[in-house]
Amino acid sequence: ELELDGILATMYDSRTVHSREVLARVVEAFDEHVYHTVIGRTVRFPETTVAGEPITTYASNSVGAAAYRQLAREVLAR
């Protein structure tokens, strides 16, 4: 049986109304199941795909890597 641990917002762009509205609706519908960590859009993610490396090693000081480290802490705290 598959159990849902949480909902993660990815490809989020706070500059767009669409992203903000979608995230607000997801939080409204699923509340405590939505992780506080949000993975935003960054040019680094497509670069990591081409490089064949995770963002945490390819660009360890990037915003994206920091977000995934924060997610790991949040998952472990649940």
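In which sequence would Ile7, Ile55, Ile39 go, from the one with the fewest C-beta neighbours within 10 Å to the one with the most?
Ile7, Ile39, Ile55
If neighbour count is taken as other Cβ atoms inside 10 Å, put Val38, Val43, Val63 in order from fewest to most. Intermediate results must be reported in sequence, preceding the final value.
Values: Val38 17, Val43 9, Val63 13.
Ascending Cβ contact count within 10 Å gives the list Val43, Val63, Val38.
Of the candidates Arg41, Arg25, Arg15, which one comes out as most mobile in a Gaussian network treatment of the chain with C-alpha springs shorter than 10 Å?
Largest GNM mean-square fluctuation: Arg15.
Please tell me the relative contact order of segment 7-77 in percent, rounded to the nearest whole number, where contacts are Cα pairs under 8 Å and at least six residues apart. Numbers along the way, then the final one.
Working: 67 pairs, mean separation 21.7, N = 71.
Result for segment 7-77 is 31 percent.
Could you give the spread of the C-alpha atoms of the chain along their three principal axes, from largest to smallest, in whole angstroms?
36, 33, 22
With each run of n ≥ 4 DSSP H residues scored as -39500 (n - 2.57), what mean residue ellipticity at 222 nm is computed for the chain after dividing by its residue count and rounding to the nearest 500 deg cm²/dmol? Display every interim value, and only then the final one.
Values: 4 runs with 41 residues, N = 78.
Estimated from H runs of four or more residues: -15500 deg cm²/dmol.
Dipole size in debye (nearest 20) for segment 7-77 around its Cα centre, Lys and Arg Cβ +1, Asp and Glu Cβ -1?
Details: 7 positive and 8 negative charges, 42 e Å.
Around 200 debye, computed over segment 7-77.
In segment 8-55, which GluC sites (Glu not before Pro) fall in coil by DSSP and have 11 or fewer other Cβ atoms within 10 Å? Can you show the working numbers first?
Details: sites: Glu21, Glu28, Glu32, Glu47; in loops: none.
Answer in residue order: no site qualifies.
Read the figures in this text as sums done on the coordinates, not as results from a lab. In this text, all values refer to a predicted model and were calculated from it rather than measured experimentally. Quick reminder, even Gly has a Cβ in these numbers, built from the backbone with ideal geometry, and neighbours come from all protein chains shown.
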